[in-house]
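The values are calculated or read from the model by the stated rules, or taken from the named source; none is laboratory data. Everything quoted here is computed from the prediction, not taken from an experiment. A quick note on method: Cβ atoms are made from the backbone with ideal geometry, for glycine too, and the neighbour counts reach across all protein chains shown. With ligands, DNA and RNA removed, areas are computed over all heavy atoms of the protein, side chains included. Shrake-Rupley method; radii C 1.70, N 1.55, O 1.52, S 1.80 Å.
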Amino acid sequence: MQFDITVASTGLPAKRLKQMEIPYLSATIHSGSHAGYYPGALQMTIKITFSPKDGKLFGAQIVGYDGVDKRIASSAALPKPMIPATFSVPARR
């Protein structure tokens with residue numbers, strides 16, 4: 001039996017942030033491995049954890065079949081200890 005799935009992680013996952021009592025939010029995205037108009041795109045799941053206060057990225061986890069290594073390498077290469085995320089976090093009321 002052969003498995004072709006790739007699992008990758010960088011930074012702090014939600015479980016570790018919870019243990020450390022660091023406030024965080026997470027987002028899970030299901031995306032194709034490349035643009036949908038090209039044939040053969042395979043699904044991947046990306047989960048990020050980030051600060052609810054300023055959107056700084058804590059970590060990323062990716063599971064998929066194609067392109068996982070490229071995406072996690074991009075996340076791992078970001079400046080440490082945290083970098084601002086490229087999206088805005090809605091204010092809580």
Mind checking whether some residue in region 54-61 is at pLDDT below 85, within 20 Å of residue 8 (Cα to Cα) and either small (Gly, Ala, Ser) or surrounded by 12 or more Cβ atoms within 10 Å (Cβ to Cβ) (or both)? no
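Any idea which of 26, 9, 51 is open to solvent by less than 50 Å² (accessible area, probe 1.4 Å) and among the polar types (S, T, N, Q)?
51
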Tell me, which residue of region 30-48 that is loosely packed, with under 13 Cβ neighbours inside 10 Å and modelled with pLDDT under 90 is nearest to residue 4 (Cα to Cα)? 43
